[in-house]
Every structure is written in C-alpha cells, then in structure tokens.
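Readers should treat all values here as calculations from the given coordinates under stated rules, not as data from a laboratory. Computed from a predicted structure; not experimentally measured. Every residue, glycine among them, receives a Cβ derived from its backbone with ideal geometry; neighbour counts consider all protein chains shown.
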Amino acid sequence: MIKYKESVTQSAEYLRLALPLMTKQAAAFHPLSYAIWYEYVAGINRPLKAAVDEQTANGAVLNEATVVSLYQKFISELDEETATRVRAGFQEVLAGMSQSAAEAGSQASQFGSALEQWTEDMGAAPIGGLVGGLDKLLGNTRQMQGAISSLNKQLDDSQQKIEQLRIEVDRAREDALADGLTGLVNRKGFDLALDACLSSCDPDQRGPSLLMTDIDHFKLVNDTYGHLFGDKVIKAVSQILKDNVKGKDTAARYGGEEFVILLPDTPIEGAKSLAEKIRSTIERSRIRRTETNEEIARVTVSLGVAAYCPGESATEFIQRVDSALYESKHGGRNLVTLAAAGGKGAKPAVGNKK
Ligand code: GH3
Ligand code: MG
Ligand code: MG
C-alpha cells in the first residue's frame, strides 16, 4: 500500500512549496529531508508537522541529526515497496523540475540578451529615464538567471546524491542476498528467486525444475581434516555448481553443505542430466590440502531433482525435491533421484550406485 496518493500536478505543487522550506535548513537535500517537507506542506502528517514547528521555532534550522530522527520517528515505517516507489517518484519529480529549471534558465538568458541589446540601442537615444528603467529590469533578469542556475546546480547535486543512494541501496540488497563463504545466492535470495519464478511461470511451458544437493558424509570430512578444510570443500563444490549454471538459473547455498539450483526454463530431462553431470564432476574432482599438498579421498554429493507441478506451493515443490534427495542418501549416496509428480513418492534412484 502506497501512502502518497497525490496526483503528479498536486505533488509538483507540494514540491514547489517544500523546496524553499527545505533549502533553508542545514541538513542536505536528500530524500529524508524531502519526505519531511513533503509531508509537512501536504498536511498529511500532523504529529510530524507539530514536531517540525517546534524544532524550527524562533528561526532554528533542522540539522542532519534532527532530520534523521524526525524521519525515523514520524515517517520511516514504510514498507520496502513503498520506500522504493517514493524514491523512484522523487527522482522523477526532481528530473522534471531540473528540466523545467533548465528551460526557464535558457528562456531567461534569451530574454536577458534581448534586453541587453535593447539597452545598448536605447543608450544612444536621449530618453535617459527609459534607459534607467530598463537597466533595473535587466538587473532583475540577471538576478533571476542567477537564482535559476543556482537552483539548477542544487538539483543536479541532489540528483547525483540520490543516484549514489540508489546504487548503495542496490548494493546493500545484493549483499543481503549473497552467501559470504561461497558467493552463491543465500537461502533468502533463493526463496525470493523461487517466488518470482513461480509467480511468473507459464503453466503451458515445461519447467521450472529444481535440483537439491548435499555433500555426502561431510561431518567425516570436518572431523578428519578440520573445519577450514571443510570450508574449502564447500567452496570447491560451489564453484562446480557455478560453472554448471547459466542465464536465468540460480545456484544457491541453502544451508551448511546443502545447495539448490533453480532452472526456470529447463524441463525435467535437462535438469536430470545436469544433476548427473554435477554428480560425476564432483566425484572426479580432487581437492588438495594446502599445507601438505596431500590429495584427499574423493568428495561425493547426493542429489534430488523435481519438475514443478502446476498449482503446488513453493514449500511443496521444495519438499518433493528434498524427499528425492533423501532417497539418494538412503539408496547409498553419490546418486541422483527424480521426485515423483505431486508428492506420490520418489522414483527409484538413478546414477552410479556405489
Ligand atoms: P550425509 O551424507 O547424510 O549428508 O552426512 P553428513 O555427514 O554430511 O551429515 P549432515 O548433512 O547432517 O552434516 C552436515 C555437517 O556439515 C554438519 C556441520 O557441522 C557441517 N557444516 C555445516 N556448515 C558448515 C560450514 O560452513 N563449514 C564447515 N566446515 N562445516 C559445516
Ligand atoms: Mg551431508
Ligand atoms: Mg546436510
């Protein structure tokens, strides 16, 4: 639910009213400042207005800290979606303002040079009083031009700040969805990717498919060679997963030594052969201990594969692929198992039974 319902015209009017108030403050003209003054002039936030009036009584100005605390106290309970929209809207309005200020600037400068020319022409004429009046007018125009170009510069600076802020927000969001050890997407990122995939998937299309994998006897690896080496194994397996996904596919670290791969456009046959390829690549790879360069006994993984059944929830989909993975473990590990459709139990294991 977006809380600002004003039309573009109305919001532009609020912007016009908010700008001079905002520019009087010591705080910078960032979206927090703007949100405060927007809600102030729009009269949509009484407690905020009372607090701002109190803070600015007797000519006091809002500094950075006051702006942040006012924002946190009276505005910030925006949900993520609203915050994104407000930011986008702010940027749009500002871009519009900057454009019209630029146009006004060029108009004023044309007007200015026309007047200048006129003043020169008139200088030769004997009617001194008229020239004096024009000089005054010219002075006013120059002032107006100066004001507009400084407004222009302020708007440019604000836009740069907003752009920087937007980049920082995007980066923070990416960091929040990445796994620190492996650089794969983390579980939260995977859940978001799966939700997005299921809500946009076409029931006539084959796919999406899901792969789930877990390193076999990983406790033993940790117990034998230590946790640091265990981490190295997790990274090596992640790298193999990364090497085997492309395009829209998402490889994620789902838990400690458990991974998932979402294949939005891949039908079950393709998913199964990818699982088999991953299984055999990991089986064939060798990881060395850094200190001794000693080759470690091979690491293997078990996998489950499922094709999405139209209508099932994300949780049901994950549960089916998890059961298939469990079947691979149960069947002796280092195996790929296909999940049966619609939770009717897993099909017999395929792959190298050891
Ligand atoms: P299974 O074949 O049945 O999967 O046996 P397993 O030994 O792998 O059993 P399980 O999956 O229960 O054990 C996972 C172990 O992984 C337990 C935990 O200590 C370890 N682990 C989880 N996260 C990390 C990690 O980030 N680094 C390291 N080194 N170990 C981890
Ligand atoms: Mg395991
Ligand atoms: Mg596990």
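Between Val8 and Ser69, what is the FRET efficiency for a Förster distance of 25 Å, r being their Cβ-Cβ separation, to the nearest 0.05? Could you put the intermediate results ahead of the total?
On the way: r = 31 Å, r/R0 = 1.22.
Efficiency for this residue pair is about 0.25.
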> Scaled to the compact-protein estimate 2.2 N^0.38 Å, what is the alpha-carbon radius of gyration of the range 8-74, rounded to two decimal places?
Replying inline: 1.01
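Under the classification rounded if a/c is under 1.5, otherwise prolate if a/b is larger than b/c and oblate if not, where does the range 149-303 fall, given a ≥ b ≥ c as square roots of the Cα gyration tensor eigenvalues? It would help to have the intermediate numbers written out before the result.
On the way: a/c = 3.24, a/b = 1.55, b/c = 2.09.
Here the range 149-303 falls in the oblate category.
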>> Could you sort the peptides 247-260, 316-329 by per-residue average Cβ neighbour count (10 Å cutoff), highest mean leading?
In response: 316-329, 247-260
> Cα centroids of the range 292-317 and the range 217-269: how far apart, whole angstrom?
Replying inline: 8 Å
> Rg (Å, one decimal) plus Dmax (Å, integer) for the alpha carbons of the range 173-219?
Replying inline: 13.9, 43
>> Please compute the modelled spin-label separation between Asn58 and Ser285, points set 7 Å along Cα→Cβ, answer in nm with one decimal.
In response: 6.9 nm
